[in-house]
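The values are calculated or read from the model by the stated rules, or taken from the named source; none is laboratory data. Predicted model, so just to flag it, every value in this text is computed and none were measured. When we count neighbours, we look across all protein chains shown, and the Cβ atoms used for this are built from the backbone with ideal geometry, even at glycine.
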Amino acid sequence: MPDSNCPRSTLSRRTLLKGTGMLAAAGLAIPAWARGDPLTHARNGFGEISGEVIDLAIRNHHFTTGNRSGHAFAVNGTVPGPLIRLREGQDVVLNVTNHLEEDSSIHWHGLLLPFQFDGVPGVSFPGIRPGETFQYRFPIRQNGTYWWHSHSGLQEQAGHYGPLVIDAAAPDPRYDRDLVVLLSEFTPRHPHEIARMLAVGEHYFNRQMQTATDGDMSMDDRLMWGGMRMNPRDISDVTGVTYTYLINGHGPADDLQFAFNAGERIRLRIINGSAMTFFNVRIPGVPMRVIAADGIDVDEVEVDEFQIGVAETYDVIVRPPDGSHALVAEAMDRSGMGVASLTSHPGHRATPPPLREPVTLTMVDMGMGGMDHGAGSHGADANGAHGGMDHSGRGAPAAAAEPMDHGGMNHDMRDTSLLPDSVDVNAGVDMVAPMPVDRMDFPGLGLDTVSHRVLRYSDLRARHANPHRMPTRQLEIHLTGNMERYMWSFDGRQFSAVTDDPIRFAYDERVRVKLVNDTMMAHPIHLHGHFFELVNGADQLHQPLKHTVVVQPSGTATFDLTANEPGDWAFHCHLLYHMHAGMMQVVTVRPFPDEGDA
């Protein structure tokens, strides 16, 4: 599917000279790529590397997909970087050489390892300077589907990421073929330019905003949205206006094909390695059995579609009938999609479905409980039940308040009196959900109105029982922000203001953490170095383990954490520009087991 909705982006000589002139005036070194020096063209897609010692090289490259072309950070010459395939129980040495003219790094997303090898500059190590090689060295203590990416600047947006698979010590007899499906985006715009545009106007990339005459919203609701200075189409900050959505580094126009033989059981290791995009994944006509979430086995759940947040991974087994089938990763805001063909007839291309109608937020997403604000909104599912309510019989926590008449109610999302004293109320806090509710049973924006089976967190149940201990402490963390100023934070404090005040856990402490999303956007929250157990309605021995949890708009998400990995760890929203704008903290786990009382 070509990028017909967007003009080709090019970098004019005048723009280039203007940009380099500004760098020179600021006394900064001008990178070779910005001077117009020719760059090697990165290859789309990735190869595979494995072994006890692995060498990775980061370089500036040029990258093209469809009608978009621009600068990229490539690792070993490809975008994405190579698939690193390891085996459970081995030791690995990864030599990472930085050939850029700026610092770089690699974070091993989801891996259990000593914190000094986690790869977060300023938190766990100093970063990799230009021309230097850093050696990561650690044992492989797990198996499953993971990925790796830069944690320096905004390099992840420009190609510095790749897949990582750890094969289990014992083979899994449930599948015949193993395929990695890495979802991401590409834009020719420099990531710092995107960050600047979002700071100037948070709707810059949104071409689906509702106007006064669009849709079937009542006048009362229109007045409320206007009073909150918000738009119900605020789904994604960066969209298909500038993004081409990729599968394994290939845009829709590249005709990516995955071959299979009729009758095969195929394990798809699906990784959301994007910077800013939630994807809705489906293979029309082919059911998917979910067998793992974030690399950890779960009881099998058969679905037709699922939403995957940034930085999450899901493993599914499919058994497609003979023929060609479209593997579709549709952006949550429905501004574009990644497409590949799963085919038993090489050369045959599957026809993808058209983009669905744009998603519109409801007052439920604004923290107005279970109020009915009109049929046809995504706040009601196909059976008429409202988002957040336990309409599945799965035993998830009930999430929504009774329907209420909003007449006379205070709908001001800036009423900071509703926040606890732990939140620092300042100019960076402009949204407060009046009635946040548990939304573990919510399938994701736009998927609560479809008629087929959709995965929910409340479906997930650990395949293997976890050791159970009751939490001895509870911690509540608020996800806060100011959309107009593009400021994002935890408890009203941006990362630059909290580096000397980390979240502290005692080693091996068992803590129940409640995340409260006071904003109108979904946030994928990631804790480095640990897995936590989602409190999702499963019995306490089978709460599913994850390293990333999506906290729905004006929703809450709760997890139980055993802080058994000592060190300093990043804790952040994995929407890249939200993290960059301040939604990050440091988690400190002390003392080290051999330190005693440090």
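Okay, here's what the table says:
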{"read-out": "Restricting segment 309-330 to residues that are under 19 Å from Tyr161 (Cα atoms) and out of contact with any Lys or Arg (no Cβ under 9 Å at 6 or more places or on another chain), the residue that is surrounded by the fewest Cβ atoms within 10 Å (Cβ to Cβ)", "value": "Gly309"}
{"read-out": "Scan of segment 144-154 for residues that are modelled with pLDDT of 95 or more and either part of a loop (DSSP other than H, G, I, E, B) or crowded, with 24+ Cβ neighbours inside 10 Å (or both), ordered by number", "value": "Thr145, Trp147, Trp148, His149, Ser150, His151, Ser152, Leu154"}
{"read-out": "Flag for Asp448 being under 23 Å from Val586 (Cα atoms), at pLDDT below 95 and in a loop (DSSP other than H, G, I, E, B)", "value": "no"}
{"read-out": "Segment 504-525: number of residues that are in a strand (DSSP E or B) and either within 22 Å of the chain's Cα centre (by Cα) or surrounded by fewer than 20 Cβ atoms within 10 Å (Cβ to Cβ) (or both)", "value": "14"}
{"read-out": "Residues of segment 78-101 that turn out to be more than 25 Å from the chain's Cα centre (by Cα) and either part of a loop (DSSP other than H, G, I, E, B) or at pLDDT below 95 (or both), as a count", "value": "6"}
{"read-out": "Filter result (more than 19 Å from Phe531 (Cα to Cα) and hydroxyl-bearing (Ser, Thr, Tyr)) within segment 129-180", "value": "Thr133, Tyr136, Ser150, Ser152, Tyr161, Tyr175"}
{"read-out": "Cβ-Cβ under 8 Å pairs, at least 6 apart or on other chains, segment 43-69 side touching a residue at least 40 places away in the same chain (Cβ under 8 Å), far side among the charged types (D, E, K, R) and not in a loop (DSSP other than H, G, I, E, B)", "value": "Asn44/Asp254; Glu52/Asp91; Thr65/Asp254; Gly66/Asp254"}
{"read-out": "Some residue of segment 59-81 being of a type in the set (A, V, I, L, M, F, W, C) and closer than 30 Å to Thr588 by Cα", "value": "no"}
{"read-out": "The lone exception for Val165 - which of (1) within 22 Å of Asn248 (Cβ to Cβ); (2) aliphatic (A, V, I, L, M); (3) part of a loop (DSSP other than H, G, I, E, B) it fails", "value": "(3)"}
{"read-out": "Every pair of residues 6+ apart whose Cβ atoms lie under 7 Å, when the first sits in segment 117-141 and is in contact (Cβ under 8 Å) with a residue 24 or more places away in the chain and crowded, with 21+ Cβ neighbours inside 10 Å while the second is of a type in the set (Gly, Ala, Ser) and not in a loop (DSSP other than H, G, I, E, B)", "value": "Val120/Ala570; Val123/Ala570; Ser124/Gly567; Ile128/Ser104"}
{"read-out": "Residue check for Asn231: at pLDDT below 95 and surrounded by fewer than 22 Cβ atoms within 10 Å (Cβ to Cβ)", "value": "yes"}
{"read-out": "Only listed residue being modelled with pLDDT of 95 or more, more than 30 Å from Arg282 (Cα to Cα), charged (D, E, K, R) and out of contact with any Pro (no Cβ under 9 Å at 6 or more places or on another chain), chosen from Lys546, Lys514", "value": "Lys514"}
{"read-out": "Contacts under 7 angstrom Cβ, first residue in segment 169-185 being farther than 19 Å from Leu342 by Cα and modelled with pLDDT of 95 or more, partner of a type in the set (Ser, Thr, Tyr) and in a strand (DSSP E or B), 6 or more apart", "value": "Glu185/Thr244; Glu185/Tyr245"}
{"read-out": "For Arg141: the one exception among (1) in a strand (DSSP E or B); (2) more than 21 Å from Leu246 (Cα to Cα)", "value": "(1)"}
{"read-out": "Unique residue being crowded, with 23+ Cβ neighbours inside 10 Å, assigned to a loop (DSSP other than H, G, I, E, B), in contact with a helix residue (DSSP H, G or I) (Cβ under 7 Å, 6 or more places away or on another chain) and modelled with pLDDT of 95 or more when the list is Gly537, Gly529", "value": "Gly529"}
{"read-out": "Test result for Phe306, under 26 Å from Asn466 (Cβ atoms) and either modelled with pLDDT under 95 or crowded, with 24+ Cβ neighbours inside 10 Å (or both)", "value": "yes"}
{"read-out": "Candidate set from segment 256-283 (those that are assigned to a loop (DSSP other than H, G, I, E, B), modelled with pLDDT of 95 or more and not hydrophobic (A, V, I, L, M, F, W, C)); member that is nearest to Glu312 (Cα to Cα)", "value": "Gly273"}
{"read-out": "Members of segment 540-598 that are aromatic (Phe, Trp, Tyr) and within 23 Å of the chain's Cα centre (by Cα)", "value": "Phe559, Trp569, Phe571, Tyr577"}
{"read-out": "Some residue of segment 472-491 being acidic (Asp, Glu), assigned to a loop (DSSP other than H, G, I, E, B), free of Cβ contacts under 8 Å to residues at least 40 places away in the same chain and out of contact with any Phe, Trp or Tyr (no Cβ under 9 Å at 6 or more places or on another chain)", "value": "no"}
{"read-out": "Residue among Thr558, Thr562 that alone is part of a strand (DSSP E or B) and over 23 Å from Ala433 (Cβ atoms)", "value": "Thr562"}
{"read-out": "Residues of segment 464-503 that turn out to be loosely packed, with under 14 Cβ neighbours inside 10 Å, over 23 Å from the mean Cα position of the chain (by Cα) and not β-branched (Val, Ile, Thr), as a count", "value": "10"}
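Quick grid of which residues meet (1) at pLDDT 95 or above; (2) assigned to a loop (DSSP other than H, G, I, E, B); (3) in contact with a Lys or Arg (Cβ under 9 Å, 6 or more places away or on another chain):
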residue	(1), (2), (3)
Ala399	no, yes, yes
Met413	no, yes, yes
Asp421	no, yes, no
Asp424	no, yes, yes
Gly428	no, yes, yes
His452	yes, yes, yes
